[in-house]
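Here's the structure, in structure tokens; my notes come after.
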Amino acid sequence: MGYVKSLKNIKAVLFDVDGTLLDIREGYCKGINDALDFYGFNKIDEERIWKLRRNGINAFKILQSVLGSHKKLPLVEKKRREFRETLKYRNLDKPFKKAKSTLTKLKQNRKMVFITSLRKSESFLLKQLEMFGLDKYVDDVFVIKESPAGKDHDLMKKKLIEKFIGKHGFKPNECVIVGDAVADIRGGKQTGIHTVAVTSGVTGKKLLKNENPDRIIDKVFEIMKIVK
């Protein structure tokens, strides 16, 4: 499979947040373990959690691998989601190396920067971006405003991209989405925009490669070598 060397005439760069701009590993793993502990279950080794997640196993299935069909499984998963959307856990997230400088350089190169995220709360996300000094480089934010649990993430990402295009009027070939999840790549392909997969987040390189993105990068700052 061949990858494009560069993407020319790009006017808009769409970023996923969790696992792309922000390293969420610590908060993600802590949310799972604290939910287990809340209901009296043993915690899981962080390395095991992250390995499973990067192999395409979501949080519910990770919990299921420990609890089996235990009647409290749905309660543990609900508590995990509640924990994850609080400041205590979101404050454990941190920008990846050079994330801020990457956004700075994109703006200097007259690219518009957008966020498309499967998060519920736009205000919460904006506060987090502001906390890290990233908000000033973002032109607009698109979130789903509902829980993604149990829903078609590919379709949700596709709708976010369509909403972005409908609002800002870019042609698909003028846009690229940069993300660490399979849904980012599928959503991008379904809307006809360019796709760049990042391997530093929640999805391993093998799974991302299977989606045939235009490019695969290991670190978010490598996007500067591609977008022209």
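Structure values in brief
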| read-out | value |
| --- | --- |
| Answer residue from the range 191-206, given it is within 30 Å of Ile49 (Cα to Cα) and of a type outside the set (Gly, Ala, Ser) and is surrounded by the fewest Cβ atoms within 10 Å (Cβ to Cβ) among those | Lys206 |
| Cβ-Cβ under 6 Å pairs, at least 6 apart or on other chains, the range 53-64 side assigned by TED's automatic domain parsing to the domain that holds Cys29 and touching a residue at least 60 places away in the same chain (Cβ under 8 Å), far side buried (at least 20 other Cβ atoms within 10 Å of the Cβ) and assigned to a helix (DSSP H, G or I) | Phe60/Glu77 |
| Qualifying residue in the range 214-222 (condition: surrounded by 14 or more Cβ atoms within 10 Å (Cβ to Cβ) and free of Cβ contacts under 8 Å to residues at least 60 places away in the same chain) | yes |
| All helices (runs of 4 or more DSSP H) inside the range 1-94 with 3 or more residues being within 21 Å of Lys127 (Cβ to Cβ) | 25-38, 73-84, 87-90 |
| Unique residue being of a type outside the set (Ser, Thr, Tyr), in contact with a Pro (Cβ under 9 Å, 6 or more places away or on another chain) and within 24 Å of Lys107 (Cα to Cα) when the list is Val176, Val143, Val196 | Val196 |
| Residue in the range 21-33 that is modelled with pLDDT of 95 or more, under 20 Å from Ala183 (Cβ atoms) and acidic (Asp, Glu) present | yes |
| Qualifying residue in the range 54-66 (condition: out of contact with any Phe, Trp or Tyr (no Cβ under 6 Å at 6 or more places or on another chain), closer than 18 Å to Leu129 by Cβ, surrounded by 13 or more Cβ atoms within 10 Å (Cβ to Cβ) and not basic (Lys, Arg)) | no |
| Residue within the range 19-39 that is among the aliphatic types (A, V, I, L, M) and surrounded by fewer than 19 Cβ atoms within 10 Å (Cβ to Cβ) present | no |
| Condition met for Phe83 (touching a residue at least 12 places away in the same chain (Cβ under 8 Å) and outside the structural domain of Met156 (by TED's automatic domain parsing)) | yes |
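For every residue, the table says whether it meets (1) modelled with pLDDT of 95 or more; (2) touching a Cys at 6+ places or on another chain (Cβ under 7 Å).
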{"position": "Ala12", "(1), (2)": "yes, yes"}
{"position": "Glu47", "(1), (2)": "yes, no"}
{"position": "Val66", "(1), (2)": "no, no"}
{"position": "Ser69", "(1), (2)": "no, no"}
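The values are calculated or read from the model by the stated rules, or taken from the named source; none is laboratory data. In this text the structure is predicted, and so the values were computed from the model without any measurement. Positions of Cβ are backbone-derived with ideal geometry, glycine not excepted, and every protein chain shown enters the neighbour counts.
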